[in-house]
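These notes are about the structure you will find just below.
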Amino acid sequence: MIRIAVPNKGALSEAAAQMLREAGYAQRTDSKELVLIDEANGVEFYYLRPRDIAVYVGEGTLDLGITGRDMLIDSGAAASEILALGFGVSRFRFAAPKGAQYSLEDLQGRRIATSYPGLLERYLSEHGLSARLVHLDGAVESSIALGVADAIADVVETGTTLRKAGLELFGEPILRSEGILIKRNNGEVDAVALDHLSRRLSSVLVARNYVLMDYDCPSELLDRASELTPGFASPTVSTLARQGWVAVRAMVPRADAQRLMDELWDLGARAILVTDLAACRL
């Protein structure tokens, strides 16, 4: 069996569990469970604090884990990202009092409050800057008003909390984070089991982001229709009983489906259908 760490709480927890369910793995039904054994798939799931997962994986106690990219980098653990999972997306940004008009260079020698000192120290070093990092576990946005820091570096989703605290963002994003699958740098992980897990999770991503589109169109319009719906490799085309018409099937991005239906209709296609995908292998 391979052993996989899964977030036990927080923003990543339910999203990770739901993705694993969609990929065909058993998941706990009681939030107090710490370990779940999925014998049918040869996996043991361990439910741990999201911030600790990279450390457990990096030390070799567990084979794989699901955590945030920001937490992996901040931990400095001997583990690597192998697959981005598309949930828990956030940005790591600098913020300062509104009107201060800070730039990145203005942080030299200043106090910066953050919950991610490892990540921030690495970023500043890469840009040739040195600052005093004030490590806080939460409520970082209050640190400036309370005289603890001159600026902050924190995870930002909408920015509403920062604005309420009288702060504004500045500089480029430090990091774009999301849920990721990680593995330890040193040590063997069963190649077949890892391949199956990666393929299953990738298939969930495809199923969430793509739909299957079917439509009928005149044969003379097939080339133009295929430009709109090129599919994964190419569209599937079948001859219809109706003379001069063909049936077309192709995968299209879910976000573009309504627009493509409009464009195909205007082109002359008819009987346009969209179907959700449950899983796939590409």
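Would you mind checking the tilt of helix 117-126 against the longest principal axis of the Cα atoms of the chain, expressed as 0 to 90 degrees and rounded to 10? The two axes meet at around 80 degrees.
Taking the alpha carbon gyration tensor of the stretch 183-253, multiplying each eigenvalue by 5 and rooting it gives semi-axes of 39, 11, 9 Å, largest first.
Greater than 32 Å separation of Cα atoms is the criterion. Which listed pairs, LYS32/LYS183; LYS32/LYS164; LYS32/LYS98, meet it? Distance filter (> 32 Å) returns LYS32/LYS164; LYS32/LYS98. The tail of the calculated P(r) for the stretch 119-226, taken as Cα-Cα distances beyond 22 Å, holds 62 percent of the pairs.
Rounded to a whole number, what % of the accessible area of the stretch 146-282 do carbon and sulfur atoms account for, probe 1.4 Å?
50 percent
With the biggest extent put first, the Cα atoms of the chain measure 78, 52, 34 Å across the principal axes. Between helix 191-209 and the chain there is an angle of about 70 degrees, using the helix long axis and the longest principal axis of the Cα atoms.
Residues in the chain average 52 Å² of solvent-accessible surface per residue, probe 1.4 Å, ligands and nucleic acids excluded. Relative to the Cα centre, the charge distribution of the chain, modelled as +1 at Lys and Arg Cβ and -1 at Asp and Glu Cβ, gives a dipole magnitude of about 340 debye.
Taking all protein chains together and rolling a 1.4 Å probe, ASP276 ends up with roughly 110 Å² accessible. Rolled with a 1.4 Å probe across the full set of protein chains, the surface gives MET251 an accessible area near 40 Å². Note on the chain: dipole from Cβ charges, positive end direction compared against PRO7, ALA153, VAL252; the farthest Cα belongs to ALA153.
Please report the antiparallel percentage of DSSP beta bridges with both residues in the stretch 1-67, rounded to the nearest 5.
Of the beta bridges lying entirely in the stretch 1-67, close to 35 percent run antiparallel.
Backbone amide hydrogens, once placed in the peptide plane, bring ALA5 within less than 5 Å of TYR46, LEU64, GLY65, ILE66, excluding anything fewer than 5 places away on its chain. Axis angle, to the nearest 10 degrees, between helix 13-22 and the longest C-alpha principal axis of the chain: 20 degrees.
The values are calculated or read from the model by the stated rules, or taken from the named source; none is laboratory data. From a predicted model like this one, the values you see are computed outputs, not experimental measurements. Ideal geometry is used to build each Cβ from the backbone, glycine not excepted, and the neighbour counts take in all protein chains shown. Only protein heavy atoms, including side chains, enter the accessible area calculation; ligands, DNA and RNA are left aside. Shrake-Rupley method; radii C 1.70, N 1.55, O 1.52, S 1.80 Å.
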